Amino acid sequence: MVDPVSDEERSGAAFRIKVGIILFVGLSAGLITLNGDGPLWLSGAAVLAGFLTGALLVYIVFPGDGSVRSSRDRRR
């Protein structure tokens, strides 16, 4: 039988998902500019803008203070 997921595991997984979303958005913006034959400084600027956009996206998709409530607290 499988044990329930602990709060530490749940918060660690949520953190990795949030970082993954930010990296995905930022790096894909840089790759798009490289594919369009843009200069290197423009690709760097696009990566930074993508990181900011990804952080904003994470803030919108995962609202709250970042704390993870246990399943017992959610049922109440």
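Derivation of every value follows stated rules applied to the coordinates shown; laboratory data play no part. Treat the numbers as computed from the prediction; the structure is a model and nothing was measured. Don't worry about glycine lacking a Cβ; one is built from the backbone with ideal geometry, like all the others, and counts go over all protein chains shown.
Taking the mean number of other Cβ atoms within 10 Å as a proxy for protection, how do you rank 38-47, 24-33 from highest to lowest?
The peptides rank, most packed first, as 24-33, 38-47.
Please work out the ratio of the alpha-carbon Rg of region 1-52 to 2.2 N^0.38 Å and round it to two decimals.
1.68
Taking 0.36 nm per intervening residue step and subtracting the Cα-Cα distance, what contour gain separates F62 from V5 on full extension?
Answer, rounded to one decimal: 18.6 nm.
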